[in-house]
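Remarks on the structure that follows.
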Amino acid sequence: MLNQKQLDDIKALQDICETHEGIKLKLNWDMLEHRPGDIDDYFHYSGENLIGFLALYGFGDQYELCGMAHPGHRGEGIFKELFKQALISLKDRNAGSLLINVPGTSGSGKTFVKAIDADYDFTEYEMKWEPGSTMTLSESVMTRGMTEDDIPQCISLDIDCFGQSRTDAEAMLKQMLTEQGQKSLMIEAEGQTVGKIRVQRIKGQSFIYGFAIDPIYQRRGIGRKALSYVVSEESKWTDDIFLDVAAENSHALKLYETSGFRTIYSQDYYRYKL
């Protein structure tokens, strides 16, 4: 588990890097603050100052990577060395794949992935709800808390809607159930359980994840009604409601836009062959 000084140092370096490039790094703070161990985080200090940091995030045998180097120390090979250490660790774990997260407008990040021959995979947009937006509410679409009996359907939804392997879907669900401040909900419509959605509350903000409707029930307006219901409930608690969507999922992007969400920044993902 990371100690408070390490967390403070990461945040300070993040602020410096974001201000310097006008970017937003996706460091998954909910995971950083609740690490079960210390094998996923790599630090480079100059005296008392953190000048390089890299984090791995595991989802089954798939891993994501995000990191940063102090603007005043770039060109010194700091991040390259951290990356080498991370690759050794991933090899020891027999990792299946690695995605590198780069803010969409980060010139230094794009230079790095080009240097290591990583291939562009997809772009993810972070969206924020605009208070006062019109919502499509309906008493015929509601949510309820997820139970143990819902686990097989949740896994099937991740496979059918997100193209995950069964192993990865099971691993991600197991991890999700241990995260703090989150609600796992099942969506009900037409007398059936037709989908799922997860909401996590962190420091006065709500984040929507894992939103999926069974393909059999898609294109009936159920997704929009379910999202409106969840946003309506969360808006009683905060106006800061966020979600992510991959660029290739044009149907989901349109759904979110017509539900009052607007893109605030993008993250590009590059696949590195292990």
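The values are calculated or read from the model by the stated rules, or taken from the named source; none is laboratory data. Please read all numbers here as calculations on a predicted model, not as lab measurements. Virtual Cβ from ideal backbone geometry, glycine too; neighbours counted across all protein chains shown. Quick note on the areas: whole protein, heavy atoms, side chains included, nothing else; ligands and nucleic acids left out. Shrake-Rupley method; radii C 1.70, N 1.55, O 1.52, S 1.80 Å.
Return an integer: the convex hull volume of the alpha-carbon atoms of region 108-180, in Å³ per residue. List each step's numbers first, then the result.
On the way: hull volume 15.7 nm³, N = 73.
About 215 Å³ per residue, rounded to a whole number.
Along the principal axes of its C-alpha atoms, what lengths does region 137-274 span, in descending order and rounded to whole Å?
Extents along the principal axes: 48, 36, 31 Å.
Ordered by residue, what ³J(HN,Hα) values in Hz, to whole numbers, does region 76-86 give under the Karplus form 6.51 cos²θ - 1.76 cosθ + 1.60, where θ = phi - 60° and Gly and Pro are x?
9, x, 5, 5, 4, 5, 4, 5, 4, 4, 5
Among E257, E248, E126, E190, what's the order by accessible area (1.4 angstrom probe), most exposed first?
The most accessible residue leads, giving E248, E190, E257, E126.
Under a 10 Å cutoff between Cα atoms, tell me which one of T167, T111, T258 has the largest fluctuation in the Gaussian network model of the chain.
T111
Cα-based Rg (one decimal) and Dmax (whole number) for the chain, in Å?
Over the chain's Cα set, Rg and Dmax evaluate to 19.5, 62 Å.
What are the extents of the Cα atoms of region 1-120 along their three principal axes, in Å, largest first?
Taking the Cα atoms of region 1-120, the three principal extents are 35, 34, 23 Å.
Output the 0 to 90 degree angle, nearest 10, between the alpha-carbon long axis of helix 4-21 and the longest principal axis computed from the alpha carbons of the chain.
So the inclination is approximately 90 degrees.
Find out how many positive minus negative residues lie around L157, taking Lys and Arg as positive, Asp and Glu as negative, among other residues whose Cβ is under 10 Å from that of L157. All intermediate terms of the calculation are to be shown ahead of the outcome.
Numbers: positive: K196; negative: D150, D158, D160, D214.
Spelling it out: positives minus negatives among the neighbours equals -3.
What net charge do the residues around G60 carry, taking every other residue with its C-beta under 12 Å from that of G60, with Lys and Arg at +1 and Asp and Glu at -1?
On the way: positive: R93, R166, K174; negative: D61, E64, D158, D168, E170.
Local charge sum for G60: -2.
Count charges around Y42 for me, please; just the other residues with Cβ under 11 Å from its Cβ, Lys/Arg as +1, Asp/Glu as -1. Let's see the in-between values first.
Working: positive: K84; negative: D38, D40, D41, E81.
In short, -3.
Just want to confirm a number: the relative contact order over the chain, from Cα pairs under 8 angstrom separated by 6+ residues, in percent. Show your work: numbers first, answer last.
Details: 461 pairs, mean separation 66.1, N = 274.
Computed over the chain, the figure is 24 percent.
What whole number of Å gives the distance from the Cα centroid of region 22-57 to the Cα centroid of region 215-274?
If you average the Cα positions of each part, the centres end up 27 Å apart.
With N residues in region 216-274, what two-decimal value do you get for its Cα radius of gyration over 2.2 N^0.38 Å? Numbers along the way, then the final one.
Working: Rg = 14.2 Å, N = 59, 2.2 N^0.38 = 10.4 Å.
Dividing the Cα radius of gyration by 2.2 N^0.38 Å gives 1.37.
Considering the convex hull of the alpha carbon atoms of region 71-201, report its projected area averaged over all viewing directions, in nm², one decimal. If you can, show how the numbers build up before the last one.
Numbers: hull surface 48.8 nm².
Over every viewing direction, the Cα hull of region 71-201 projects on average to 12.2 nm².
Once you've got the GNM for the chain with C-alpha springs shorter than 10 Å, pick whichever of I116, I208, I16 has the biggest mean-square fluctuation.
In this elastic network of the chain, the residue with the biggest mean-square fluctuation among I116, I208, I16 is I116.
Taking amide H atoms as placed 1.01 Å from N in the peptide plane, list the residues 5 or more away in sequence, or in a different chain, whose amide H sits under 5 Å from that of S235.
Residues meeting the amide H criterion: none.
If only Cα atoms are counted, what is the Rg of region 66-122, and what is its Dmax, in Å?
Both quantities, over Cα of region 66-122: 12.0, 35 Å.
Could you sort F242, F43 by accessible area so the largest value comes first, with the probe set to 1.4 Å? It would help to have the intermediate numbers written out before the result.
On the way: F242 15, F43 55 Å².
I get F43, F242, largest accessible area first.
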